[in-house]
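The values are calculated or read from the model by the stated rules, or taken from the named source; none is laboratory data. Just so it is clear, the model here is predicted, and its values are computed rather than measured. Here the Cβ positions follow ideal geometry from the backbone for every residue, glycine too, while neighbour counts run over all protein chains shown.
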Amino acid sequence: MNAETTKQTGASVVIVGGGVTGLSAGWWLARQGVSVLVLEKGIVGWGASGRNGGGCSHHHSPLFLEEQRLWPMMDELLGYPTEFRPNRIRLACDDNQMGLYRRALENGEYQGFKSEALDPKQVRELVPLATDDVTGGYFYHFGGHANPHRTVQGYAWAIEDLGGRVLQHTAVQGFVTSGGRVTAVRTDRGEFGCDHLVIAAGPHTEKLAAELGATVPMMPARAEMIVTEPLPLMPLGGVDGNGLYGRQTLRGNLAYGGGPHEWLNVEDIEAHRPQSTPLTGDIAARLARLLPKAAHVKVIRSWAGFIENTPDGRPIIDRLPTVDNVIVATLSSVGFGLSPASGHAIQEMITEGRCTFADLSSFALSRFDRLEPDWRELQGWRPMPVG
Amino acid sequence: MSEMPIDEASVAVKELPIAERTQLLIIGAGPAGLAAAMAASRRGIAAMLVDENPVPFETMGEDVPLHFGQRMTGAARNRNAMMEEVLAADPALTEAFEAGVDIRLGTVVWGLYAPMPTAGWIPGTIAALADHERSWMVSAENVVVAAGRRDMGLAFPGWELPGVMGAVAAARLATTYDALAARRAVVLGTSTETMLAVAALRRAGVEIAAIVERADTVLDPAAVDALTGHVVARAEGDAEGVRAVVVTAVDADGRHVAGSERRFDCDTVVLGVGTVPAIELLEAMGARVAFDDARGGHVPVLDARQQTTRPGIYAIGDCAGIWPGKSRDAAVPRAEAEAAVAAIAASGDSHDAVLPDAPAADLAAYRCGWVRASVVEAAGEPYVCQCEEVTARDILEVRPPRYLGWNPPTQKPADLRSLLGDGPPHPDQVKRLTRAGMGACQGRRCREQVATLLALGAAEPLAQVPLATFRAPVRPLPLSRLSPGTDAVTVGRGWDSWFGMAPQWVPFWKVPSHYTVSGREPEGPVASE
């Protein structure tokens, strides 16, 4: 049997990429009764979707209001636990951080959400693991955090509960086009026919779009996080700052990341796994400064992940200009928290023709029409030579 | 021509602080590591020999690095006394010291790093070391890993009691530390490694109440008196630990035979059902590993000179493979050490590759037999993962942890395949969803059991179940002790929580319609959200 030409059962919408964005889109479509198939080359959420801080507080995004509306309902809507908890506190260990962290308060206010500045005494009262050796902080009455692994799997299982399909260990090899449309997706397990295609393949999105003649500029990078043993739960787990993002999980672990990233070639991330580095120690030092009463707590894991960024670091959710029935989606390294909303937007673009609840013009691919071809070099985004 | 710009928030402008440099770093001062140190000394190679023993008492209490089961005597609290015990336990340490080897005891290597295309930042081969006060980085031209062995855990009701411990841990406390608080033990397993541990325990005055083997025949002839076809039905005891063990006969499917129970008074249960190569440093650094029946499970892939797939990184001794002939004869690890050091010295000396004996028993079948009879068939659902309180059923049905209080009726058939999709189940995926192996002992006590359970649950060969990845730090270490201190100034400069890209965080109502690099607004300081 020749897998190249084997006709498999396709779907009205085929989604390439089993990360949070593709899975959420698949789930929203399945909720609308659309037949959907998600193709994933490995295991769902194995990329950045399962390796992130779990934050849900993206006040700069046009999807913010929908993000805030949906998260409190996600457990119920999915039928699986996401571990979502609302609200966020961010602590500043110097005046510079205090100034910079104010932007979230301003962006929140502009969109009708309340925040408060905290003095060191208030910080100590609200955050048991902190001391009053801080400049201050902010209590944002919006946002929150969830468990990425559990959420990813929740989307996948919810799709299946609604009659959709998620096919893991299935690598996309190319597309079949006819009359300016993609009619099927070629994989190592045969061809899957489709009426619509969504490409949400993280750092691999650029290459897949190039197969269809479109330029979707992006570059992959590596970032890393650390996890401690569990501690008694703080009243609010969504505490970060001091140059770190992260949270106390509902189990009590401190999971935090931050610091320098490494730009990479996409060919290399296909051949090598993400590897953490001695940056583990620097993140640990920052966390001990952020939460001094946890300085004795043991780090039990670190992890690294690959993420992609577009030239301006903002998402692309748009139709490809070269074919009629393809939507491309990258959240540009900030996709987990926004996923309930990004999937909804993609669903509406397919079923309604456009996103009705948010203005996605800032996600348009056309903003890069005048982009310099050597934008990577001009921005100093350089992979490091080995050896 | 102007200089090319560089992303100041990326690692490209950050320098890792290296505190020390050495020609050869040897990790582990057991027979293999010491032989490597002496071989290096003879060849004029400057070597640093690092060993984590004596391990702090508090760390032992966490079952790190071995499953000590709280059976340390009070003497293990005295760091100086334990340092003397470690030195006295092997005269070869003193010989190596006198030969000029730079020996660091009580020092753990918590991470090994080498540059790779996805981590070009790492400047050569780097080891992250920690003692009881601080961490620092050592750059090494070559590394010989002689990290030894550890024990496979095995759940049964009561296995969380103090006194249930690993065979390697018991022998370590008895011989290296002279600090084993055990009087009368029941031993599980009959491998050569376990029987050598039994001999060490007997020399230390421990009475062996029984040796229990699940299989119908023993693995090592020295276990001739073992109670075959039996497993532990339960351990009984109290806050001070095990008081007795009840064993039961099992049938060919591992089911417990009613009315066959026998009770043994004892204060200790020695788990000797699997002696596992300690590969965590090597796997975590990206050296390729493979399941090898003849070498005791997952081991690094080696060339004829003991080199792993990472250039300049060698594995010798038990972490390179465990087999009976090697466990009995220290000449085998010595030969591995000689081969590795000869390769490092780039000598033309010819060495035959050190190869394992043909496997005496089917390792996968042996482990599956124990796990089916002891864990799956256990009455009362013992926790397989003690840290996170995860049972065999939780793992096989991929249930969320209990603390979520999530118990809706599931619509799904409860088998691994339908829950997780095609292909052998991945322990890392099961870990993320059930938390099995995610705890403070870093999966030491459960990872082999979990893999075996997944093989049984998915009806896949054990060798096909992927290895759960290891990650640095490979020992649990406090935040304060992992901190690189003030040296890390270049890493800290311009630190941002994410990419430090101003355009990424411009609120959407202010984003321009086109983006070009030359059209970017001048940027002040930025904090990613």
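Please specify each residue of the range A:284-318 satisfying the condition of being within 18 Å of B:SER483 (Cα to Cα), free of Cβ contacts under 8 Å to residues at least 60 places away in the same chain and not hydrophobic (A, V, I, L, M, F, W, C).
Those that are within 18 Å of B:SER483 (Cα to Cα), free of Cβ contacts under 8 Å to residues at least 60 places away in the same chain and not hydrophobic (A, V, I, L, M, F, W, C): A:ARG286, A:HIS296.
Among the helices (runs of 4 or more DSSP H) contained in the range B:376-486, which hold 3 or more residues that are over 28 Å from A:GLY163 (Cα atoms)?
B:447-458, B:479-482
Can you name the number of the only condition in (1) within 8 Å of another protein chain (Cβ to nearest Cβ); (2) of a type in the set (Lys, Arg); (3) within 21 Å of A:GLY380 (Cα to Cα) that B:ARG471 fails?
(3)
Looking only at the range B:487-529, count every residue that is hydroxyl-bearing (Ser, Thr, Tyr), closer than 27 Å to A:VAL239 by Cα and in a loop (DSSP other than H, G, I, E, B) and tell me the total.
Going through the range B:487-529 one residue at a time, the tally reaches 2.
Mind counting the residues in the range B:1-38 that are within 14 Å of chain A (Cβ to nearest Cβ) and basic (Lys, Arg)?
Matching residues across the range B:1-38 total 1.
Go over the candidates B:ALA19, B:ALA37 one by one and state the one that is out of contact with any Cys (no Cβ under 7 Å at 6 or more places or on another chain) and either over 20 Å from A:PRO278 (Cβ atoms) or crowded, with 23+ Cβ neighbours inside 10 Å (or both).
Checking each option against the conditions leaves just B:ALA37.
List the residue pairs whose Cβ atoms are under 7 Å apart, where the first residue sits in the range A:74-97 and is closer than 11 Å to A:HIS145 by Cα and in contact (Cβ under 8 Å) with a residue 40 or more places away in the chain, the second is surrounded by 22 or more Cβ atoms within 10 Å (Cβ to Cβ) and charged (D, E, K, R), and the two are 6 or more positions apart or on different chains.
A:THR82/A:ARG150; A:GLU83/A:ARG150
Answer yes if at least one residue in the range B:451-462 is in contact (Cβ under 8 Å) with a residue 40 or more places away in the chain, more than 9 Å from every other protein chain (Cβ to nearest Cβ), under 22 Å from B:PRO300 (Cβ atoms) and surrounded by fewer than 19 Cβ atoms within 10 Å (Cβ to Cβ), and no otherwise.
Yes; the residues of the range B:451-462 include at least one that is in contact (Cβ under 8 Å) with a residue 40 or more places away in the chain, more than 9 Å from every other protein chain (Cβ to nearest Cβ), under 22 Å from B:PRO300 (Cβ atoms) and surrounded by fewer than 19 Cβ atoms within 10 Å (Cβ to Cβ).
Which members of the range A:272-291 meet the condition of being part of a helix (DSSP H, G or I) and either over 17 Å from B:GLU133 (Cα atoms) or touching a Leu at 6+ places or on another chain (Cβ under 7 Å) (or both)?
A:LEU279, A:THR280, A:GLY281, A:ILE283, A:ALA284, A:ARG286, A:LEU287, A:ALA288, A:ARG289, A:LEU290, listed by residue number.
Within the range A:371-386, is even one residue exposed (fewer than 15 other Cβ atoms within 10 Å of the Cβ), more than 7 Å from every other protein chain (Cβ to nearest Cβ) and within 30 Å of A:GLY144 (Cα to Cα)?
No, there is no match, as no residue in the range A:371-386 is exposed (fewer than 15 other Cβ atoms within 10 Å of the Cβ), more than 7 Å from every other protein chain (Cβ to nearest Cβ) and within 30 Å of A:GLY144 (Cα to Cα).
Regarding the range A:114-131, can at least one residue be identified that is touching a Lys or Arg at 6+ places or on another chain (Cβ under 6 Å) and surrounded by fewer than 18 Cβ atoms within 10 Å (Cβ to Cβ)?
Checked against the condition, which is being touching a Lys or Arg at 6+ places or on another chain (Cβ under 6 Å) and surrounded by fewer than 18 Cβ atoms within 10 Å (Cβ to Cβ), the range A:114-131 yields no hits at all.
Restricting attention to strands (runs of 3 or more DSSP E) lying wholly within the range B:73-155, give those where 2 or more residues are surrounded by 16 or more Cβ atoms within 10 Å (Cβ to Cβ) and away from chain A (no Cβ under 14 Å).
Of the strands (runs of 3 or more DSSP E) lying wholly inside the range B:73-155, those with at least 2 residues that are surrounded by 16 or more Cβ atoms within 10 Å (Cβ to Cβ) and away from chain A (no Cβ under 14 Å) span B:102-104, B:135-145, B:149-151.
So, in the range A:140-197, exactly how many residues are surrounded by 22 or more Cβ atoms within 10 Å (Cβ to Cβ), polar (S, T, N, Q) and closer than 24 Å to A:LEU78 by Cα?
Looking only at that region, the number is 3.
For the range A:228-249, give me each residue that is in contact with a helix residue (DSSP H, G or I) (Cβ under 9 Å, 6 or more places away or on another chain), in a loop (DSSP other than H, G, I, E, B) and more than 7 Å from chain B (Cβ to nearest Cβ).
A:LEU231, A:MET234, A:PRO235, A:LEU236, A:ASN242
Would you be able to tell me the number of residues in the range B:501-514 that are within 7 Å of chain A (Cβ to nearest Cβ) and farther than 16 Å from A:PRO62 by Cβ?
Qualifying residue count for the region: 2.
Across the range A:367-387, which residue is nearest to A:VAL14 (Cα to Cα) among those that are of a type outside the set (A, V, I, L, M, F, W, C) and in contact (Cβ under 8 Å) with a residue 12 or more places away in the chain?
Per the stated criteria, the residue is A:ARG367.
If a residue counts only when it is under 19 Å from A:GLY238 (Cβ atoms) and within 12 Å of chain B (Cβ to nearest Cβ), which strands (runs of 3 or more DSSP E) contained entirely in the range A:82-189 have at least 2 such residues?
Strands (runs of 3 or more DSSP E) meeting the threshold: A:85-92, A:136-145.
May I ask you to verify whether B:ASP422 is more than 13 Å from every other protein chain (Cβ to nearest Cβ) and acidic (Asp, Glu)? If you could, list the steps in order and put the result at the bottom.
Values: more than 13 Å from every other protein chain (Cβ to nearest Cβ): no; acidic (Asp, Glu): yes.
Answer is no for this residue.
Got a number for residues in the range B:474-497 being modelled with pLDDT of 95 or more and more than 7 Å from chain A (Cβ to nearest Cβ)?
3
In the range A:256-274, which residue that is touching a strand residue (DSSP E or B) at 6+ places or on another chain (Cβ under 6 Å) and surrounded by fewer than 24 Cβ atoms within 10 Å (Cβ to Cβ) is nearest to the other protein chains (Cβ to nearest Cβ)?
To start, the set of residues in the range A:256-274 that are touching a strand residue (DSSP E or B) at 6+ places or on another chain (Cβ under 6 Å) comprises A:256-258, A:260-264, A:266, A:269, A:272, A:274.
With the extra rule that they be surrounded by fewer than 24 Cβ atoms within 10 Å (Cβ to Cβ), the set shrinks to A:263, A:266, A:269, A:272, A:274.
Numbers: A:TRP263: 6, A:VAL266: 11, A:ILE269: 6, A:HIS272: 4, A:PRO274: 6 Å.
Looking at residues that are touching a strand residue (DSSP E or B) at 6+ places or on another chain (Cβ under 6 Å) and surrounded by fewer than 24 Cβ atoms within 10 Å (Cβ to Cβ), I get A:HIS272.
Can you name the residue in the range A:212-227 that is part of a strand (DSSP E or B) and more than 10 Å from every other protein chain (Cβ to nearest Cβ) and is also surrounded by the fewest Cβ atoms within 10 Å (Cβ to Cβ) among such residues?
A:MET219
Could you list, in sequence order, all residues of the range B:227-275 that are of a type in the set (D, E, K, R) and closer than 14 Å to B:GLU160 by Cβ? So that I can check it myself, show each step before the final result.
Kept after step one, since they are of a type in the set (D, E, K, R), are these residues of the range B:227-275: B:234, B:236, B:238, B:240, B:243, B:251, B:253, B:255, B:261-263, B:265, B:267.
Correct list: B:ARG234, B:GLU236, B:ASP238, B:GLU240.
Could you please find all residues in the range A:368-387 being closer than 18 Å to B:PRO512 by Cα and touching a helix residue (DSSP H, G or I) at 6+ places or on another chain (Cβ under 9 Å)?
A:PHE368, A:GLU372, A:TRP375
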